[in-house]
Amino acid sequence: MRAGEHRSVPWRNGGGRTREIAVRGAGTDFDWRLSLAEVERDGPFSVFEGHERIITVVRGAGMELTVDGQRHVVRPHEPFRFAGGSRTGCRLLAGPVVNLNVMSRDGAAVSVGVPAELGGGTVAVVVLDGEVSVGGERLGPFDVALLSEEPGTRVVAVSPNPVVAVVRLPSPPAA
């Protein structure tokens, strides 16, 4: 999925927009959603009751989140996990940021780095900086490879020192 093809959708609270990369489910009743949110000013986060959120700053200096009264500094490339139903406010540290936003009902995992090989399951590789090749496909900044049940897929650096986020998404429930 190329960066320019991500669908732009309004935030639930009307405070901005996000670029939706991939979603399983519909509307607010999704199992998981992966998006890039552009945060241009301080303010509240939307509430997503029943979901867990992982926010990773991928552009900009970072932000301070107040989650249910507790302050947390979120720095670039450091995933931060919190309950989607929490009252959450944001204060930008030094101007706008772009966040990789992962929300799921059953828990997802985010790591930042360039793995040599990916395991099975549903995995999204989001290029944050530089270029990589995933399964032979060349990807640049904010391009995404969404892989399902493909153990052994190789990730190869194309540019010097690329940065990628690897998101392990919950598998569909067994039938």
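Every read-out reported here was derived from the displayed coordinates using simple, explicitly stated rules and does not represent laboratory data. Just so it is clear, the model here is predicted, and its values are computed rather than measured. Counting neighbours? That spans all protein chains shown, and the Cβs are built from the backbone with ideal geometry, glycine included.
Mean sequence separation of contacting Cα pairs (under 8 Å, at least six apart), scaled by the length of the chain, corresponds to a relative contact order of 21 percent. Building the convex hull from the alpha-carbon atoms of the chain and averaging its projection over directions returns 9.8 nm². Exposure proxy shown here: for 91, 53, the number of other Cβ atoms within 10 Å sets the order, fewest to most, as 91, 53. Only Lys, Arg, Asp and Glu carry charge here, each on its Cβ (+1 for the first two, -1 for the last two); on that basis region 3-104 has a dipole of about 140 debye about its Cα centre.
Listed values for region 43-54 are Karplus-derived 3J(HN,Hα) couplings in whole Hz (6.51 cos²θ - 1.76 cosθ + 1.60, θ = phi - 60°), namely x, x, 8, 5, 8, 10, 4, x, 10, 9, 10, 10, and x replaces Gly and Pro. Full extension of the chain between residue 7 and residue 73 yields a length gain of 20.9 nm, computed as 0.36 nm times the residue separation minus the alpha carbon distance.
Spin-label model, residue 159/residue 91: points 7 Å from Cα along the beta carbon direction are separated by 3.4 nm.
For region 3-104, the Kirkwood hydrodynamic radius from C-alpha pairs, put into Stokes-Einstein at 25 °C and a viscosity of 0.890 mPa s, yields a diffusion coefficient of 181 µm² per second.
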